[in-house]
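Sharing a structure, written as structure tokens. Questions coming.
Bear in mind that the values in this text are calculations on the coordinates, not laboratory data. All values derive from a computational prediction rather than experimental measurement.
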Amino acid sequence: MKRPKHTKAFKINAVRKYLKGHLSSAEFSKKYLLNDATLKRWADRYKQHGKSAFDVELKVSTRYDA
């Protein structure tokens, strides 16, 4: 089963609320049904790149060849 994808607008809104709020990342994540690590990653990306942080999903993959 695939995990639901969140829209750019959802991510920006969630990060802004988190950064303005008085809840810890764990409390915020629980309240909004997000993974704590995901929220922190979104917040870091938003701090570095602003709204454009969510324009393109950056996938990091590692390929191992024998």
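Expected output is a single nm value to one decimal: the length gained when fully extending between LEU33 and LYS5, i.e. 0.36 nm times separation in residues minus the C-alpha distance. What is it?
Extra length available between LEU33 and LYS5 comes to 8.8 nm.
Oh, and also: Quick one: Karplus J couplings for the stretch 22-28, per residue in order, coefficients 6.51, -1.76, 1.60, θ = phi - 60°, nearest Hz, x for Gly and Pro?
10, 9, 5, 4, 5, 5, 4
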